[in-house]
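Q: Can you read through this structure? Questions will come right after.
The values are calculated or read from the model by the stated rules, or taken from the named source; none is laboratory data. Since this is a predicted model, take the numbers as computed values, not measurements. Cβ coordinates were reconstructed from backbone atoms using ideal geometry, including for glycine residues, and neighbour counts include every protein chain displayed.
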Amino acid sequence: MPFRLGAAAMMAAILSTLAVMIARAVIDPPITPDIPGREAFLFQHLILAAMAAVILQILLLWQGRADYRTGLVWGAGGFAAAVVAPWLALPHLPVGELPMHDPAALLFWLLTVVVSAIGLWLLLRGGFPLRPAAPGGLQARLGGVVLLLLPLLLVPVPDWAGADWAGPEMPPAAHDASGDPLNGLEDDGAAVMLVVNLLFWLALGLASVLAARQIVHRPAS
């Protein structure tokens, strides 16, 4: 079973990374060749896909079912936790980028993703917004809201949070002095990266279900 889980996770990671590379080329074709930027983009998303795909395979196995609706829900949750939450907590970083240049910022990014993922899980466990509240649902919802707000309350100062970041393909609005993450939407680059990352996480959810059906849940011959 561990071998099957690993193989399924790798399959999902490769498929979702290929999908997002194609989507990136269609939505935002490069005007000039930027080989280092494209390599960094590919490498980062492949790492994210590999780590998230393992978690998704474990969750799908724990749930005992692998349907595409579940894959889309988990993919949307991954987008919210790994893209939107860090973007709101660290507005001076590019949308969807890992702050690999700064170990302290990277640690805060990881904590933000983990805390936000647990907060979203508590909200869903409490019945929000898809089903009636379960026993103890109110406490789960309150705990989820607190965890989602926690990174925003503990956000570091802008200079520490990557204000000097000079990574590849950073949108100009990422250095906005106001620190307002909504200002990043005024820049086409930030909007494109939000769309690309949403497609990436949805593709990862669907690819994880496909891989689980083809590898994990397929009876051994």
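Q: List the number of the failed condition for residue 52; all other conditions in (1) within 17 Å of the chain's Cα centre (by Cα); (2) crowded, with 16+ Cβ neighbours inside 10 Å; (3) touching a residue at least 60 places away in the same chain (Cβ under 8 Å); (4) within 27 Å of residue 139 (Cα to Cα) hold.
A: (4) is the only condition that residue 52 fails.
Q: What pairs can you find where one residue is in the stretch 57-69 and without any contact (Cβ under 8 Å) to a residue 24 or more places away in the chain, the other is assigned to a helix (DSSP H, G or I) and of a type in the set (Val, Ile, Thr), and their Cβ atoms are less than 8 Å apart, with a gap of 6+ or different chains?
A: Hits for this filter: 63/70.
Q: Within the stretch 63-73, is even one residue crowded, with 17+ Cβ neighbours inside 10 Å, more than 18 Å from residue 22 (Cα to Cα) and among the aliphatic types (A, V, I, L, M)? Please lay out each step first, then the result.
A: Taking the stretch 63-73 first, the residues crowded, with 17+ Cβ neighbours inside 10 Å are 66, 70-71.
Still in the list and also more than 18 Å from residue 22 (Cα to Cα): 66, 70-71.
Okay, now just the ones that are also among the aliphatic types (A, V, I, L, M), so 66.
Taking every residue of the stretch 63-73 in turn, at least one turns out to be crowded, with 17+ Cβ neighbours inside 10 Å, more than 18 Å from residue 22 (Cα to Cα) and among the aliphatic types (A, V, I, L, M).
Q: It is to be established whether one or more residues within the stretch 170-180 are touching a helix residue (DSSP H, G or I) at 6+ places or on another chain (Cβ under 9 Å) and either modelled with pLDDT of 75 or more or within 23 Å of residue 206 (Cα to Cα) (or both).
A: The answer is no; no qualifying residue exists.
Q: Got a sec? Which of 201, 160 is aromatic (Phe, Trp, Tyr), surrounded by 13 or more Cβ atoms within 10 Å (Cβ to Cβ) and modelled with pLDDT of 55 or more?
A: Among 201, 160, only 201 is aromatic (Phe, Trp, Tyr), surrounded by 13 or more Cβ atoms within 10 Å (Cβ to Cβ) and modelled with pLDDT of 55 or more.
Q: Could you tell me which of the residues 83, 113 is β-branched (Val, Ile, Thr) and closer than 19 Å to residue 145 by Cβ?
A: Sole residue among the options that is β-branched (Val, Ile, Thr) and closer than 19 Å to residue 145 by Cβ: 113.
Q: Can you pull out the helices (runs of 4 or more DSSP H) entirely within the stretch 33-120 that have at least 1 residues that are touching a helix residue (DSSP H, G or I) at 6+ places or on another chain (Cβ under 7 Å) and modelled with pLDDT under 85?
A: By residue number, 35-63.
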